[in-house]
Amino acid sequence: MSANTTKHANPGPLGLLGFGMTTVLLNLHNAGLLPLSIVIVAMGIALGGLAQIIAGVRELKQGATFGGTAFTAYGLFWWSLVIIWVNPFKAAGIEAASKVAMGYYLLLWGIFTAFMFVGTLKHNRATQVVFGSLTILFILLALGDFTGNHTITMIAGYEGIFCGLSAVYSAMGQIVNGEFGKDIFPLG
């Protein structure tokens, strides 16, 4: 490497860990295994939000439109979700989100994610699994809110745990494979 060449670290694993760990934690709640608490809110702000936004900005700076768009958008998803839960604007007369409003919110994220999934067809299988399962997760969560059917939300929770763990696997695979210079964790 010449003196003028700068090596750039891969921001993808940070973004995937931010997404994956936060998704697992929230979906433990959706599956009925944990109450919604400050643990999930704090993780949504810090790792789900900030870490993904940092990774997304780094991806964009390196010219990676897909990764930059994904991480930045999903980081802002986490921040918007926390704002919805906390509703700091209620004193100004802004109503809390209804189940139907949340259904549309989640449906729009599902549509966005479905289009992003199409983009993953140029990526490895691990990335396809993350985005495919995330599309299903958003659609199930939207259906759960639209119908008020808690069983659908619980099923979404278990599917979301899988989705989050698949992102953690992809992140760890990129880190470990990069460190060893060979495929220890297959990413497909």
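Each row is one residue, and each column tells you yes or no for (1) in contact with a Pro (Cβ under 9 Å, 6 or more places away or on another chain); (2) assigned to a loop (DSSP other than H, G, I, E, B); (3) at pLDDT below 95.
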| residue | (1), (2), (3) |
| --- | --- |
| S2 | no, yes, yes |
| G15 | no, no, no |
| H29 | yes, no, no |
| V41 | no, no, no |
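Can you confirm whether region 10-30 contains a residue that is more than 15 Å from the chain's Cα centre (by Cα) and aliphatic (A, V, I, L, M)?
So far as region 10-30 goes, no, none of its residues is more than 15 Å from the chain's Cα centre (by Cα) and aliphatic (A, V, I, L, M).
Here are F89, F19, F71: which of them is among the hydrophobic types (A, V, I, L, M, F, W, C) and touching an Asp or Glu at 6+ places or on another chain (Cβ under 8 Å)? Write out each step before concluding.
Numbers: F89 fails: touching an Asp or Glu at 6+ places or on another chain (Cβ under 8 Å); F19 fails: touching an Asp or Glu at 6+ places or on another chain (Cβ under 8 Å).
From the options F89, F19, F71, the qualifying one is F71.
With the requirement that a residue be assigned to a helix (DSSP H, G or I) and farther than 16 Å from L134 by Cα, what does region 59-70 give you? Steps first, please.
Applying the first criterion (assigned to a helix (DSSP H, G or I)) to region 59-70 yields 59-61, 65-70.
Residues satisfying the conditions are E59, L60, K61, T65, G68.
Restricting attention to region 57-81, which residues are loosely packed, with under 15 Cβ neighbours inside 10 Å and either in contact with a Lys or Arg (Cβ under 6 Å, 6 or more places away or on another chain) or among the small types (G, A, S) (or both)?
Residues satisfying the conditions are G63, S80.
Looking at the structure I just gave you, is V24 touching a Cys at 6+ places or on another chain (Cβ under 9 Å), surrounded by fewer than 21 Cβ atoms within 10 Å (Cβ to Cβ) and of a type in the set (A, V, I, L, M)?
Numbers: touching a Cys at 6+ places or on another chain (Cβ under 9 Å): yes; surrounded by fewer than 21 Cβ atoms within 10 Å (Cβ to Cβ): yes; of a type in the set (A, V, I, L, M): yes.
Criteria met by V24.
Is it the case that some residue within region 108-125 is more than 14 Å from G20 (Cα to Cα), touching a residue at least 60 places away in the same chain (Cβ under 8 Å) and assigned to a helix (DSSP H, G or I)? If you could, list the steps in order and put the result at the bottom.
If we filter region 108-125 for residues that are more than 14 Å from G20 (Cα to Cα), which is where we start, we get 108-125.
Next, from what is left, pick out any that are touching a residue at least 60 places away in the same chain (Cβ under 8 Å): 124-125.
With the extra rule that they be assigned to a helix (DSSP H, G or I), the set shrinks to 125.
Yes: one or more hits.
If the requirement is being closer than 19 Å to V168 by Cβ and either assigned to a helix (DSSP H, G or I) or touching a Pro at 6+ places or on another chain (Cβ under 7 Å) (or both), which of these qualifies: A46, A73? Give the derivation first.
Working: A73 fails: closer than 19 Å to V168 by Cβ.
From the options A46, A73, the qualifying one is A46.
For region 158-188, what are the residues that are over 20 Å from L17 (Cβ atoms) and either touching a helix residue (DSSP H, G or I) at 6+ places or on another chain (Cβ under 9 Å) or in contact (Cβ under 8 Å) with a residue 40 or more places away in the chain (or both)?
Of all residues in region 158-188, those over 20 Å from L17 (Cβ atoms) come to 158, 181-182.
Matches in region 158-188: Y158 only.
The values are calculated or read from the model by the stated rules, or taken from the named source; none is laboratory data. Only a predicted model underlies this, so the values are computations on that prediction, with no experimental measurement involved. For neighbour counting, all protein chains shown are included, and Cβ atoms are generated from backbone atoms with ideal geometry for every residue, glycine included.
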